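Nothing in this text is a laboratory measurement; each read-out follows from the coordinates by a stated rule. Not measured: the values here are computed from a predicted model. All Cβ positions, glycine included, derive from the backbone under ideal geometry; neighbour counts span all protein chains shown.
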Amino acid sequence: MPGFFDNPLKPAKQERMLAENKIKMDVEEQKSDSEEEDDRSQDIIKELEAKIETADQEAKETHDRLLRVSAEFENYKKRSAREIEGFRKFANESLVKDMLPVVDNLERAVVSSGDSGADSSIVEGVDLILKDILKIFDKFGIKPIEALGEKFDPGFHEAVMQQESEEHPENTVTKELQRGYLMHDRLLRPATVIVSKATAKEDDGNG
């Protein structure tokens, strides 16, 4: 039997304190669980960010590779087009070179026939053949080199001798012995020429 001076509220207070402690422990446990969840969430977020960064880098590298491949392919197409165009332009070069002596002979025949008074019908026939060949040459971009009266150019002219001349400046083509030809911008054959030089009188005057 409880004593007269025992406090009847003491057990209730103890129970309340126990309940409060239990609530605090539950809160602390929940807080701890929440912090662990937050830590796990942060780890997952960091992991996802790292994966995204890696994927972005890989995508950039793939894009750069595609750009390089595309540029290389465009260069290949342009190079192939130039090669095809070059082949098309110069495919008949060897044949034309073999034809040049024929043209030379036809030109000589026309000139010599006119000087010798040969049958005009034959001369006209040879001249027509020559003109037809030159038309075909023109169709394929084959042009004669202008040499006579021009300043000597070693890129297009081949000088076989020099000749004193008072009528022409020095290093001027005074006579064309054999016509030169270009195929588009490529030299097929240089013009064989005679080039002027200063006369002995001019040399003495300059000295």
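Some notes on this structure:
- Cα gyration tensor shape for the range 39-129, rounded if a/c is under 1.5, else prolate or oblate: prolate
- Residues His63, His168, His184, His157, ranked from the fewest to the most other C-beta atoms within 10 Å, line up as His63, His184, His168, His157.
- Taking the number of Cβ atoms within 10 Å of each Cβ as an exposure proxy, the fewest-first ranking of Lys143, Lys46 is Lys46, Lys143.
- Taking the number of Cβ atoms within 10 Å of each Cβ as an exposure proxy, the fewest-first ranking of Thr54, Thr174 is Thr54, Thr174.
- Inter-centroid distance (Cα atoms) of the range 162-185 relative to the range 46-77, Å: 61 Å
- Structure note, pairs Lys143/Lys175; Lys131/Lys197; Lys175/Lys197: Cα-Cα distances above 24 angstrom occur for Lys131/Lys197.
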